[in-house]
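Asks: If you scroll down you'll find the structure; I have some questions about it.
The values are calculated or read from the model by the stated rules, or taken from the named source; none is laboratory data. In this text, all values refer to a predicted model and were calculated from it rather than measured experimentally. As a convention, Cβ positions derive from the backbone with ideal geometry for all residues, glycine included, and neighbour counts pool all protein chains shown.
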Amino acid sequence: MGGIRLQRAISFLAVIGLVLLSAALISATSTDQYQVYLLGNWTAPFGIVLVLDRLSALMVTVTSVLAVGALWYAMTTNTDKKGEHFHILFQLQLFGLNGAFLTGDVFNLFVFFEVLLLASYGLLLHGNGRLRTKAGLHYVVINLIGSTLFLFAVGVLYGVLGTLNIADMAAKIAVAPQEDLGVIAAAGLLLLVVFGVKAAMFPLYLWMPSAYANTSAPVAALFAIMTKVGIYSIIRIHGTIFGSEAGELAYYYAPWVLGLGLITLLLAALGVMAARGLREQVAYLVLASVATLLIGVGLMSPAALNATLYYLIHSTLIAGAMFLLADVVLRGRGTYEDRFESGSCMPNAILIGSVFMIAAIAMTGMPPLSGFFGKILILSAALDDAWFAMITSVVLVSGLITILSMARTGSLIFYKVLPEESVPASECGKPLNRMAFIAVIGLLLASPVLVVFAQPITAFTEATANQVFNSAVYIDAILTTPAVTEESK
Amino acid sequence: MVFAGETLIQGWTWIPAIGLEFAFRLDGLALLFALLILVIGLLIIIYARYYLSKKDSMGRFFAYLLMFMGSMLGIVLSENLIQMVVFWELTSLTSFLLISYWQHRQDARAGARMALIITGGGGLALLAGVLLLGHVVGSYNLTDVLAAGDLIRGHDLYIPILVLVLLGVFTKSAQFPFHFWLPHAMAAPTPVSAYLHSATMVKAGIFLLARFFPVLSGTPEWTWFVGGAGLITLLIGAYTALFQHDIKGLLAYSTISHLGLITLLFGFGTQLAAVAAIFHIINHATFKASLFMVAGIIDHETGTRDMRRINGLLKYMPHTAVLAMIAAAAMAGVPLLNGFLSKEMFFDQALTASNASVWAWAIPILVIIAAVFSVAYSLRFIHDVFFNGEPVDLPKTPHEPPRFMKIPVDLLVVICLAVGIIPMFTVAPILAVAVAGTLQTTPPEYSLAIWHGFNFPLLMSFVALVLGILVYVMRKRLFEWHESGVAHWDARIIFNALLGALGTFASRVTRSFDKGSLQNASVWVIATALLAGFIGFTSVSAPLFGDRELLPVDGVSVLAIAILMIASVLTVVWHQKRLIALVILGVVGLIISLMFVKFSAPDLALTQLSVEIVTVILLLLALYFLPQTTPNETSDLRVSRDIVIALLSGVGVTLLTMAVLTRDFVPISEFFLLNSVPGGGGTNVVNVILVDFRGTDTLGEIAVLALAGLGIYAMLQGMKLHAPDKDSGGRLWNSDLHPEIMQTLTRLLLPLMLMIAIYIFLRGHNLPGGGFIAGLIASVALIVQYLSNGIAWTNDRLKFDMHWVIGFGLLIATTTGLVAMGLGYPFMTTAFTYLNWPVVGKFEVASAIAFDLGVFLVVVGATVMSLVELGKLSNQSHLSKNIEKSKAQLKSQQEAN
Amino acid sequence: MEWLISLAIGVLTASGVYLTLRAYTFPVVMGLTLLAYAVNIFLFSMGRLTVGLPAVIDKTAEVAQYSDPLPQALVLTAIVIAFGMTAFLIVLALKARGELGNDHVDGLDVESESHSNKGVK
């Protein structure tokens, strides 16, 4: 592969550029103004609009930071050379993700979903392996069913409301006649199923653990944002079109999200305990974090959404770090790979083990790292909810189960390390790739940063949550943005 | 300032959204605990320096220890309760690290995990309690919480708060029924046991009892829960301690017992009891820390901690022996030592409590029993270790330890004596401010005198001493009785069984839901979707159908749709014969394109038709590598389940369609019809929507196609497939790959088909057609060449890599959009103008056509690349071996004939 | 007519769902193709059914007499995407056959297992 150096250079420059651009987008949203971009210069609801608000800026930023880590790891471990077209798939994946986070049109969201999905199929299968192929097959088929459902739901919404623009839909649902509400509600829940598949919500997550556990590490790390696409879509689409303006249908979906989120969380915690290898365990940890987010979304209050967004930043970046770290461990353990068997030798075990402990603390929600504060934010937002006792017990019990599982994992992998001399060199893992390890450390740094700068960050997420809940302004901003004319240029 | 009764508070905002501040508070109680932590911590650090061996990593140990010390200080100094929980959990974590410090030892790892699970879990309960507390009070700051005692006690949430907070307390301070983790934590290095598991961390729970004493105490629930747990723990700890053979085990159970004592005192709920509790906290910390250090010295110098082997150490290490005896006497409550003073106060309070109810007389009795055992095990510690004959088979010859290992013990024992003899001049001031800080009011009158005259508490002390000596004398028989039964009761067994059961449960649940089966996953998704549609519809009371006027039915449509439905069902019925099913699937696709014609959608019809052709070719190529038939299902149950789900889906979708089609709606489409010509410059509205109004969709769509092509290319690299040499009928594949008639015909057809493609492309903006359809037609034209002439022949003549075609396509499409940005319009804005070409006449030039060209190129590139790569695969597998093989077979067959 | 179309969509969906739930890759691909057909017609019909109307703008005619163009554009996009997906999936199915040794969706060789059982008999 001759052009790999050039590909890497372009690819890496592109993600760095993306980070800078996202930072610019974040600062552009600081005035609480919606930035509406009329693609093709056609006004909403007729053309497709891109909408930049705090929420989309936040999602794009998280994606870009995660992408830098994943890409760095892929390049330093030569994962990108294990098959064809890694970089173009990676970039188009980002294209799909960013498009999905920015679009203001339901059908366009479908298209971007397909872009990011097909890119993710390619990335998931990158490299080879029996289990990877099998997991990929399952992932593709389930998502194809999901895409079909998406089209059914969008079709119904168009067939009843006559529009595709999210803001316009919200405006039309607000004034829809009572006799149409049943069909609209059915379409809304179908759409929830679609996003539930993406977000890995019970009982739709079955594709997820093995897909995440069997793909290559940088891809799994990047996929940490994939489940959040589902979460984002629920917040954006359902939160807007079935928001406070929707009359009888206002937030009718939320109890389902909450309830299913609770079930997902319990099952995820059990999955963490039952995992047979580190990567599978991390996949279930990601499932648990997604479930926590679903609970936050299901609580449908600005405080809960604030908590959800804080936790989303944390869980995405730390999950990314965790997948990379699992790969570091796997490479270090030689023939033992990431199986939960003790007795391997492992170069640099103390360093890797210490970092693992920090990552595990962050991921399981122990203090003093960000996972704990995210959970506290969510729990204190749940205080006024009728389900508080249930939510708290599920969150804390599942937290305890994950803590004890991770303590077991840590002591199994790092406390029973044999000295290198006592093991044949062929069974021993490779020495730590320090360049690649930078990516793990870099992503993990997000956690202390989230804690130390909790005040400005929660101030931002709080403003974001308030903005999301003010859907009337969103609707108005989009439907009144004028086209560019010769004079207005 | 604290001694003057002030409370110092310093804070910074942290997460204002939930009232979390980074805030510290120093009052009397905090000061007392901070002093304990710092002073004993300092002594432990000196001691540990000499305790650890050269093999142990000194840096790691002290890093953990200092982390722990910081966290512990954080707990006692926190003003904000959430911040306190943060530190609380940090002590659990650092204690995990410290217990498992000797990580090669199985008992250390297991003990550390158990401690983490129990104390960490308790911490989570505490967190929930604190959240509720903050919810009730409206603030997490202690100042506000402490001022809101009446509000909290009167609140509906009082009981949940109390239970949750107490779960935190009992787990941390090893109270029944969570006491069992503490003895297992003794696998830690002895300085850790001395510091964490007697002087400080286990006191964190007690600290919390003191902290919340003004807020939560004073109710019957408090008395029952706190007092009950304390009393049981006191008894269990004292009893079990006597029977330990491990010195540290004895001290661990003794610690549990003393923690129970303090808890019981707080449980009494009176102010005087709280004074006694705080006094005992100080005393216990001093004598127990020194005893642990002594145990460490003994372990260090003899190499064992088994009291059945360590005997008569008095003559080997007299200095240490004296220190140990004084400290143990304090533990037993012997007069003139600090333990005696607080124990007297304790007995006094127990007597006071016995007036509370008819059954409360049992309290002093039980307390005396505990005190008896306490005397007995203290005696055992002294007698067994320092007297009782000669040591048995020690790994090392014992001698006095290094001086700096003794100095910390010296200091602590001096404190024991000083407090015991002259309490008013030593402990009184700090006790007074601590009590004031605890009670948050002026402390009650109490006396620290050694001599209160002959009274009941003194009698109780005396009885306890005498009976304790008696019990120790009778120990042989007691030991036999204990070993025969009670010894085997260990809460750890239950704990491990529970943990094991949880693990089994987790595996069972996980594996039974996540079976790794695609069918299982698909069924869940489809069934959930069905249910979601149903629930959604029924969540609102609205009619299913509207009242829109329906179109009349005509015969041709009925026939076509009937064929469609029959073909669709036949695909299912014959799906096991794959080739036949595929052909019928093609029929379904064809009828659908006819339907699009019928319902005024020629663009769709053209697209559907061309896609159908390419798809069928692709599936045929693929089928070549797959088995020609599908085996029977393994289970009839699954088949019937799937039939039910399929039928329900069919019914659901039918009803959903009708629900929409029977309603009127006002679509935004009128805008497109009105603006297509003036705004988009084309009369084919569908095409204008695709390349202009919703051009971004199309950009995404070609990205999908490009990705499909690239993904397929990537997958096919290095793929090895075994191609069959016979078809399903057992006939050999024809070795004549490229029949001549077909070759000639297709070569002639190529220019014609390409012309059609160009024609369709150019007219697309105004008439049905466009880049996509043209692209597919061109692809088919090229693929036909590959099929009939072979890949090598065609590649020789078609000398560009399809990657470039795809790349250029994407580039052109994107650039078209970007040009508009250069002109100050948004991305994807189109422009058009009319040119008067000579001969041709007026001709429209729209930038959308450039975009459409990008679409065209991507379609051609992706389609041809996928099919050709797949074809190559079959060629390789075919040519390399199989052709040779089939030829050989053919030959042998002929010969046989 | 609406009932007829709805019924056709329903039958296509039912057939598609049944085949999608099969245990071998090829029927699954066919099932998903049928589902794509169903959803395409469905999406198309969401613009309501019209018969015999002009497909392109006739500058002399009234606007109300065209069929709804937007669903058509959506279906076009959907067809293309479905095509890309089908192509990808079928090649993935080949890859799975190559790597897992059979064409069961979970890589379980049920057939050869049952064969070997027969062999034992």
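Asks: Scan the stretch B:398-414 for residues that are in contact (Cβ under 8 Å) with a residue 60 or more places away in the chain and more than 48 Å from the chain's Cα centre (by Cα) and report the count.
Replies: Counting residues in the stretch B:398-414 that are in contact (Cβ under 8 Å) with a residue 60 or more places away in the chain and more than 48 Å from the chain's Cα centre (by Cα) gives 3.
Asks: Does residue B:523 count as within 7 Å of another protein chain (Cβ to nearest Cβ) and among the β-branched types (Val, Ile, Thr)?
Replies: yes
Asks: Starting from residues that are closer than 22 Å to residue B:611 by Cα and facing chain B (nearest Cβ under 7 Å), keep the ones in the stretch C:11-24 and report whichever is farthest from the chain's Cα centre (by Cα).
Replies: Here the answer is C:11.
Asks: A further question on this structure: Have a look at B:356, B:324 and point out the one that is in a helix (DSSP H, G or I) and on the phi < 0 side of the Ramachandran plot.
Replies: Answer to the selection: B:324.
Asks: Further question on the same structure: Evaluate the stretch B:667-674: report whether one residue or more is within 28 Å of residue B:818 (Cβ to Cβ), in contact with a helix residue (DSSP H, G or I) (Cβ under 9 Å, 6 or more places away or on another chain) and either more than 7 Å from chain C (Cβ to nearest Cβ) or not in a helix (DSSP H, G or I) (or both).
Replies: Looking through the stretch B:667-674, at least one residue is within 28 Å of residue B:818 (Cβ to Cβ), in contact with a helix residue (DSSP H, G or I) (Cβ under 9 Å, 6 or more places away or on another chain) and either more than 7 Å from chain C (Cβ to nearest Cβ) or not in a helix (DSSP H, G or I) (or both).
Asks: Quick one: in the stretch B:380-427, of everything that is among the small types (Gly, Ala, Ser) and at pLDDT 85 or above, which residue is surrounded by the fewest Cβ atoms within 10 Å (Cβ to Cβ)?
Replies: B:418
Asks: Report, ordered by the first and then the second residue, all pairs with beta carbons closer than 7 Å, sequence separation of six or more or different chains, a first member in the stretch B:365-389 that is within 12 Å of residue B:464 (Cβ to Cβ), and a second member that is of a type in the set (Ser, Thr, Tyr).
Replies: Here the result reads B:370/B:257; B:373/B:239; B:374/B:257; B:376/B:472; B:379/B:472, each pair linking the stretch B:365-389 to a residue that is of a type in the set (Ser, Thr, Tyr).
Asks: Next up: Just give me the residues in the stretch B:624-665 being at the interface with chain C (Cβ under 7 Å from one of its Cβ atoms) and under 30 Å from residue B:863 (Cα atoms), in sequence order.
Replies: Once the filter is applied, which keeps residues that are at the interface with chain C (Cβ under 7 Å from one of its Cβ atoms) and under 30 Å from residue B:863 (Cα atoms), the stretch B:624-665 yields B:625, B:626, B:627, B:630.
Asks: For the stretch B:501-509, state whether one or more residues are of a type in the set (D, E, K, R), within 11 Å of chain A (Cβ to nearest Cβ) and either surrounded by fewer than 18 Cβ atoms within 10 Å (Cβ to Cβ) or without any contact (Cβ under 8 Å) to a residue 12 or more places away in the chain (or both).
Replies: Yes, there is a match, as at least one residue in the stretch B:501-509 is of a type in the set (D, E, K, R), within 11 Å of chain A (Cβ to nearest Cβ) and either surrounded by fewer than 18 Cβ atoms within 10 Å (Cβ to Cβ) or without any contact (Cβ under 8 Å) to a residue 12 or more places away in the chain (or both).
Results for (1) of a type in the set (Ser, Thr, Tyr); (2) closer than 17 Å to residue B:342 by Cβ, shown as yes or no for each residue.
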| residue | (1), (2) |
| --- | --- |
| B:399 | no, no |
| B:434 | no, yes |
| B:437 | no, no |
| B:459 | no, no |
| B:472 | yes, no |
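Asks: Looking at (1) among the aliphatic types (A, V, I, L, M); (2) surrounded by 23 or more Cβ atoms within 10 Å (Cβ to Cβ); (3) touching a residue at least 40 places away in the same chain (Cβ under 8 Å), find the lone condition where residue A:39 falls short.
Replies: (3)
Asks: Given the structure, is residue B:57 without any contact (Cβ under 8 Å) to a residue 12 or more places away in the chain and not assigned by TED's automatic domain parsing to the domain that holds residue B:414?
Replies: yes
Asks: Next up: Among the residues of the stretch B:537-581, count how many are hydrophobic (A, V, I, L, M, F, W, C), over 22 Å from residue B:662 (Cα atoms), under 47 Å from the mean Cα position of the chain (by Cα) and within 7 Å of another protein chain (Cβ to nearest Cβ).
Replies: The number of residues fulfilling the criteria is 3.
Asks: Filter the stretch A:227-250 for residues that are in contact with a helix residue (DSSP H, G or I) (Cβ under 8 Å, 6 or more places away or on another chain) and in a loop (DSSP other than H, G, I, E, B) and give the result.
Replies: Matches in the stretch A:227-250: A:242, A:243, A:244, A:245, A:246.
Asks: Scan the stretch B:15-32 residue by residue and report those that are in contact (Cβ under 8 Å) with a residue 24 or more places away in the chain and within 17 Å of residue B:86 (Cβ to Cβ).
Replies: B:18, B:19, B:20, B:21, B:22, B:23, B:24, B:25, B:30
Condition check ((1) more than 30 Å from residue A:275 (Cβ to Cβ); (2) among the charged types (D, E, K, R); (3) touching a Ser or Thr at 6+ places or on another chain (Cβ under 6 Å)) across all residues:
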residue: B:453; (1), (2), (3): yes, no, no
residue: B:456; (1), (2), (3): yes, no, no
residue: B:490; (1), (2), (3): no, yes, no
residue: B:501; (1), (2), (3): no, no, no
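Asks: Continuing with the same structure: Within the stretch B:740-811, which helices (runs of 4 or more DSSP H) (wholly inside it) include 1 or more residues that are surrounded by fewer than 17 Cβ atoms within 10 Å (Cβ to Cβ)?
Replies: B:740-763, B:791-797
Asks: Among the residues of the stretch B:620-632, is any buried (at least 19 other Cβ atoms within 10 Å of the Cβ), in contact with a Phe, Trp or Tyr (Cβ under 6 Å, 6 or more places away or on another chain) and not assigned by TED's automatic domain parsing to the domain that holds residue B:853?
Replies: Yes: one or more hits.
Asks: When you look at residue A:350, is it out of contact with any strand residue (DSSP E or B) (no Cβ under 6 Å at 6 or more places or on another chain), buried (at least 19 other Cβ atoms within 10 Å of the Cβ) and β-branched (Val, Ile, Thr), yes or no?
Replies: no
Asks: Tally the residues that are more than 8 Å from chain B (Cβ to nearest Cβ), part of a loop (DSSP other than H, G, I, E, B) and of a type outside the set (Gly, Ala, Ser), restricting the search to the stretch A:171-226.
Replies: So the answer is 7.
Asks: Would you confirm, using the coordinates I've provided, whether residue A:359 is buried (at least 24 other Cβ atoms within 10 Å of the Cβ), more than 10 Å from chain B (Cβ to nearest Cβ), touching a residue at least 40 places away in the same chain (Cβ under 8 Å) and part of a helix (DSSP H, G or I)?
Replies: yes
Asks: Next up: Out of the residues in the stretch B:238-247 meeting the condition of being in contact (Cβ under 8 Å) with a residue 60 or more places away in the chain and crowded, with 24+ Cβ neighbours inside 10 Å, tell me which one is nearest to residue B:339 (Cα to Cα).
Replies: Only one residue tops the list, namely B:238.
Asks: Given the conditions (1) within 33 Å of the chain's Cα centre (by Cα); (2) among the β-branched types (Val, Ile, Thr); (3) surrounded by 17 or more Cβ atoms within 10 Å (Cβ to Cβ), report the number of the one that residue B:40 does not fulfil.
Replies: Residue B:40 satisfies every listed condition except (1).
Asks: Say whether the condition of being modelled with pLDDT under 90, over 30 Å from residue B:802 (Cβ atoms) and among the aromatic types (Phe, Trp, Tyr) is met by at least one residue in the stretch A:96-103.
Replies: No: zero hits.
Asks: Yes or no: residue B:586 at pLDDT 85 or above, in a helix (DSSP H, G or I), over 30 Å from residue C:53 (Cβ atoms) and not assigned by TED's automatic domain parsing to the domain that holds residue B:763?
Replies: no
Asks: Checking the condition out of contact with any strand residue (DSSP E or B) (no Cβ under 9 Å at 6 or more places or on another chain), at the interface with chain C (Cβ under 9 Å from one of its Cβ atoms), assigned to a helix (DSSP H, G or I) and of a type outside the set (A, V, I, L, M), which residue from B:679, B:700 passes?
Replies: Only one candidate passes the filter, namely B:700.
Asks: Still on this structure, I have one more. May I ask you to say which residue of B:437, B:516, B:453 is part of a loop (DSSP other than H, G, I, E, B) and away from chain A (no Cβ under 14 Å)?
Replies: B:453
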